[in-house]
Amino acid sequence: ETGEHIKRTQEFVKLLAKQLQTHPKFQRFLDDKTVEAIYKSAPLHDIGKIAVPDHILKKPGKLNTEEQLEMQKHTTHGGDAIKNAEKLSGSSSFLQFAREIAYYHQEKWDGSGYPNKLKGEQIPVSARLMAIADVYDALVNKRVYKPAFSHQNAVNYITEQKGLHFDPDMVDAFIEIASDFQAVIQQYSATLLD
């Protein structure tokens, strides 16, 4: 499931970034080279979960406060690991975006996320893209702690979180291409059934 989650979220990030390429707020930043670098780095968004104990990752019920705090550390574990890789290998856009995504994909537009309670445009574009991709995928797929949502319920949730959890402009772009996200889910579901 983790491998499929990585592939799906990578595709979602690319779809959303491509949709935003003509948006006045993003068009100068999201050129083809940047979109490709973000796409390639997206699979590393949860790399920090390797430092989270399995009993927390696989817990079938709701996490208690202590477990939740431990789970939240995956962002800093992952970001720190990629930051160290950058130091060893030199700067690259791939690692820069991977670091941003790992550190900040759990931040929320309204400042209520973690690890740094960044707000609005303080959150890097790459991480804002991943936030929508990651939440959509988590919603529409069954997890040990919850059943799968329908595509429409996931779209409704993301729409309701516009300006709270997610960048409002990115939510608008997501709504325009929500059927493309659903197609990715169906594509990977078909792959799993084969």
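The values are calculated or read from the model by the stated rules, or taken from the named source; none is laboratory data. Here the structure is a predicted model, which means the values were calculated and not measured. Glycine also receives a Cβ, built like all others from the backbone with ideal geometry; neighbour counts cover every protein chain displayed. In case anyone asks, the SASA skips ligands and DNA or RNA and just uses the protein heavy atoms, side chains included. Shrake-Rupley method; radii C 1.70, N 1.55, O 1.52, S 1.80 Å.
Descriptive notes on the structure:
- ALA131 meets each of the listed conditions (1) of a type in the set (A, V, I, L, M); (2) over 16 Å from LEU16 (Cβ atoms); (3) within 15 Å of the chain's Cα centre (by Cα) apart from (2).
- Failed item, numbered, when LYS62 is tested on (1) open to solvent by 60 Å² or more (accessible area, probe 1.4 Å); (2) over 28 Å from ASP172 (Cβ atoms); (3) part of a helix (DSSP H, G or I): (3)
- The residue that is most open to solvent (accessible area, probe 1.4 Å), among those in segment 142-194 that are among the aromatic types (Phe, Trp, Tyr) and more than 29 Å from GLU121 (Cβ to Cβ), is TYR145.
- Check on GLY79, under 17 Å from the mean Cα position of the chain (by Cα) and either among the small types (Gly, Ala, Ser) or over 13 Å from TYR114 (Cα atoms) (or both): yes
- Leading residue by the ranking (least open to solvent (accessible area, probe 1.4 Å)) among those in segment 1-11 that are of a type in the set (S, T, N, Q) and at pLDDT 95 or above: THR9
- Contacts under 8 angstrom Cβ, first residue in segment 95-112 being free of Cβ contacts under 8 Å to residues at least 60 places away in the same chain, partner of a type in the set (Ser, Thr, Tyr) and surrounded by fewer than 20 Cβ atoms within 10 Å (Cβ to Cβ), 6 or more apart: LEU95/SER89; TYR103/THR76; GLN106/TYR114; GLU107/TYR114
- Flag for TYR136 being more than 17 Å from THR76 (Cβ to Cβ), in contact (Cβ under 8 Å) with a residue 12 or more places away in the chain and of a type in the set (Phe, Trp, Tyr): yes
- Candidates LYS25, LYS14, LYS40 - the one that is assigned to a helix (DSSP H, G or I), modelled with pLDDT of 95 or more, open to solvent by 50 Å² or more (accessible area, probe 1.4 Å) and closer than 20 Å to VAL171 by Cβ: LYS14
- Residue within segment 131-141 that is open to solvent by 60 Å² or more (accessible area, probe 1.4 Å), part of a helix (DSSP H, G or I) and among the hydroxyl-bearing types (Ser, Thr, Tyr) present: no
- Per-region count, segment 43-59, residues of a type outside the set (A, V, I, L, M, F, W, C), surrounded by 14 or more Cβ atoms within 10 Å (Cβ to Cβ) and not in a loop (DSSP other than H, G, I, E, B): 3
- In segment 83-106 there is at least one residue that is closer than 19 Å to ILE6 by Cα, in contact with a Phe, Trp or Tyr (Cβ under 7 Å, 6 or more places away or on another chain) and either open to solvent by 30 Å² or more (accessible area, probe 1.4 Å) or outside any helix (DSSP H, G or I) (or both).
- Checking each residue in segment 155-172 for being in contact (Cβ under 8 Å) with a residue 60 or more places away in the chain and either of a type outside the set (A, V, I, L, M) or within 13 Å of GLY113 (Cα to Cα) (or both) picks out only ASP169.
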